[in-house]
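Have a look at the structure below before the remarks.
None of the figures in this text is laboratory data; all of them are computed from the coordinates on show. Predicted, not measured: the structure shown is a model, and the values here were computed from it. Cβ placement follows ideal geometry from the backbone for every residue including glycine, while neighbour counts extend to all protein chains displayed.
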Amino acid sequence: ETISKNPAEDKNQQTTKPKFKQALVTDIYTADPSAHVFNNKIYIYPSHDVETDIKPNHHGDHFAMRDYKVLSMDSINSEVITHPTALDINDIPWAGRQLWAPDAAEKNGQYYLYFPARDKQDIFRLGVAKSDKPEGPFVAEPNPMPGSYSIDPSVYKDSDNTYYLYFGGIWGGQLQNWQNGKFEAEFSYPADKEPALMPKVAKLAGNMLEMAEKPRDVMLLDESGEPITQGDNHRRFFEAAWVHKYKGTYYFSYSTGDTHKIAYATGSSPYGPFTYQGVVLEPVIGWTNHHSIMEYQGKWYLFYHDSSLSKGQTHLRSVKMAEIKYDAQGKIQAITDFVE
Ligand code: FUB
């Protein structure tokens, strides 16, 4: 069901085609896009940003999102459809507030929406909701995924049909509160020279609703094979884990948070370790930077967001896309949000 056309159209042309590096939809604010090809169509699972009176703070309380809406495109050049609400916080029995960056996966014709939300104790957990349609509506499980914590779940389906769940985010994402296997309100970050807090990975169980194993660290290494350190905030993991595979190599990309970049590292296993390679996307307008990378008909696309439409309001972002290219060694050529 279509409820909006792509408003990024050029008024001088009779077209509704989306343009690279321009907001895909302008009727609502959208962020944190996780893009997938399901049934030969492109589906984008974004956060749905909303206005709030909450003042910006380091916990991210101003990201007060309350529902999800899925975007879809018949092809990379087609109009963008904003679908009706896919999941509302009022229909998630365990959730208290803040529906943050989601992702989705398909298995045997069932679609699974993975999302973070604070529970009624105000601790971030990961939830799952099911649908028989990629755009929803989704029905949430009554409880969060057992043993889940922190934010930004993303699911990578490997070529052998194993599904891996990645997650984690520091500062407002609370990963720093879980250094000893349980939530601790009092904590210290590692010292600047110590290994940084690493993102997490676990195989998903066959039912797609729980982890099949205890989450382990995704090790991000520097060029010498040493863990990236906490003080290296231009390269250390902050949030927004995403995995894709290109020519047999696994690419782990992520946001560096307070240095505002999408960086990436490569490895030979979905568990890592991954060695730092460089930047995919330079800082955008707005504080956060969050993305996904998707292959479609032999080309590769970066989906991301910025706050240009809201004139820089950090919590009011818009999803965009751009093509990315690899060099002969498989290095991703960094892009900026600048429109050529
Ligand atoms: O959208 C809320 C949060 O901001 C996401 O979960 C983070 O990745 C950041 O984009």
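Judged by the ratio a/c of the largest to the smallest principal axis of the C-alpha gyration tensor, segment 226-340 counts as oblate, that ratio being 1.5 or greater while a/b is no larger than b/c. Once you have a ≥ b ≥ c as the square roots of the Cα gyration tensor eigenvalues for segment 27-140, tell me rounded if a/c is under 1.5, and otherwise prolate or oblate according to whether a/b is larger than b/c. Oblate, since a/c reaches 1.5 and b/c is not below a/b. Full extension of the segment from residue 162 to residue 224, taken as 0.36 nm per residue of separation minus the current Cα-Cα distance, would add 19.3 nm.
Exceeding 23 Å between C-alpha atoms, which entries from my cross-link table qualify? They are 41/69; 21/107; 157/299. Please report the intermediate quantities before stating the final value.
Working: 41/69 16 Å; 21/107 31 Å; 157/299 19 Å.
Distance filter (> 23 Å) returns 21/107.
3J(HN,Hα) couplings calculated from phi for segment 245-262 with the Karplus curve 6.51 cos²θ - 1.76 cosθ + 1.60 (θ = phi - 60°) are, in sequence order, 10, 10, 6, x, 9, 8, 10, 9, 10, 6, 8, 8, x, 6, 10, 6, 10, 9 Hz; Gly and Pro show x. Counted residue by residue at 0.36 nm each, then reduced by the alpha carbon distance between them, the extension gain from residue 188 to residue 58 reaches 45.2 nm. Panel order for 171, 178, 242, by other beta carbons found within 10 Å of each beta carbon, from fewest to most: 171, 178, 242. Sort the chain into rounded, prolate or oblate with this rule: let a ≥ b ≥ c be the square roots of the eigenvalues of the Cα gyration tensor; rounded if a/c is under 1.5, and if a/c is not under 1.5, prolate when a/b is larger than b/c, oblate otherwise. Note, shape of the chain comes out rounded. What the Cβ-Cβ distance of residue 258 and residue 51 gives, at R0 = 25 Å and to the nearest 0.05, is a FRET efficiency of 0.55.
Mind scanning 193/245; 55/320; 55/331; 19/331 and naming the pairs with a C-alpha gap bigger than 29 Å? Kindly include the intermediate steps, with their values, before the conclusion.
Numbers: 193/245 31 Å; 55/320 26 Å; 55/331 39 Å; 19/331 25 Å.
Pairs exceeding the cut-off: 193/245; 55/331.
Exactly which GluC sites (Glu not before Pro) in segment 34-134 are in a DSSP loop and have at most 15 other Cβ atoms within 10 Å? Walk me through the numbers before you get to the answer.
Details: sites: 51, 79, 106; in loops: 51, 79.
Passing sites in segment 34-134 are 51.
A crude spin-label estimate for the pair residue 245 and residue 214, with each label 7 Å from Cα along the Cβ direction, gives 2.7 nm.
Can you give the relative contact order of segment 245-340 as a percent, counting alpha carbon pairs under 8 Å and 6+ residues apart? Let's see the in-between values first.
Values: 200 pairs, mean separation 20.6, N = 96.
Here the relative contact order equals 21 percent.
Averaging the sequence gap over all C-alpha pairs within less than 8 Å and six or more residues apart, then dividing by the number of residues, gives the chain a relative contact order of 15 percent.
For segment 199-302, the list of GluC sites (Glu not before Pro) that fall in a loop by DSSP and count at most 15 other C-beta atoms within 10 angstrom reads 213, 223.
If you place +1 on the Cβ of every Lys and Arg, -1 on the Cβ of every Asp and Glu, and leave all else neutral, what size is the dipole of the chain about its Cα centre, to the nearest 20 Debye? Let's see the in-between values first.
Values: 34 positive and 44 negative charges, 81 e Å.
That gives a dipole near 380 debye.
Entry for segment 190-287 at q = 0.24, 0.25 Å⁻¹: log10 I(q)/I(0) = -1.26, -1.32, Debye formula applied to identical alpha-carbon scatterers, no solvent contribution. Exposure proxy ranking for 112, 149, based on other Cβ atoms within 10 angstrom of each Cβ and starting from the fewest, stands as 112, 149.
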